[in-house]
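Below: one structure, written as structure tokens.
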Amino acid sequence: MSSLNRVIMIGRLTRDPELRTTTTGKQVVGFGIAVDRMFKSEGGQDVDFFNVTAWGKTAEFVANYLAKGRLVAVDGRLQTRKYQNKEGENREVFEIVAENVQGLDRPRDDSGGGASPARMPAPSTAPSDDEFDPFADE
């Protein structure tokens with residue numbers, strides 16, 4: 001029996017993407033997205049926040065052309081990781097490993113990069129990373 005792990009979300013970046021290069025020379029970017037829930041609670045807007053990691057050419061695209069506040073579609077897989085924090089406590093996090101990221105709006109000014117919508121494919125396999133910060137093991 002085969003399994004399927006696929007996540008597609010549309011939301012706004014909650015922070016500017018941060019591009020790093022791992023010690024092995026791979027490009028990786030971390031960013032967050034805020035996704036409105038389909039059904040709102042009484043008198044308010046419900047929003048979920050997700051951490052996203054992208055690798056390779058997709059990481060470069062995100063870092064070069066997207067910024068905080070931009071509307072994006074993220075297509076990837078959900079991943080869980082267990083780790084020990086600095087205090088020695090065991091933690092588990094859920095994050096999205098993006099295979100594709102597409103800008104759905106235009107930058108608010110010229111500082112946000114090139115024309116949208118834009119799309120770049122991610123590498124077919126993504127290495128594991130650590131904690132919310134994909135750069136923790138560097």
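Please treat every number below as a calculation from the coordinates, not as lab data. Keep in mind that what you see is a predicted model, and the values were worked out from it rather than measured. Positions of Cβ are backbone-derived with ideal geometry, glycine not excepted, and every protein chain shown enters the neighbour counts.
Quick check: from the Cα gyration tensor, does the range 1-49 come out rounded (a/c under 1.5), prolate or oblate? Walk me through the numbers on the way to the answer.
Working: a/c = 4.88, a/b = 1.51, b/c = 3.24.
Cα axes put the range 1-49 in the oblate bin.
Using amide H atoms built in the peptide plane, which far-off residues or other-chain residues are under 5 Å from residue 16 H to H?
68
Just want the ordering: 20, 6, 15, from fewest to most Cβ atoms lying within 10 Å of their own Cβ. Don't jump to the answer; show the numbers that get you there.
Working: 20 15, 6 9, 15 12.
Exposure proxy ranking, most exposed first: 6, 15, 20.
Restricting the count to DSSP beta bridges whose residues both fall in the range 7-121, what percent are antiparallel, rounded to a multiple of 5? Before the final figure, lay out the partial values.
Numbers: 37 of 40 bridges.
So the antiparallel bridges in the range 7-121 amount to around 90 percent.
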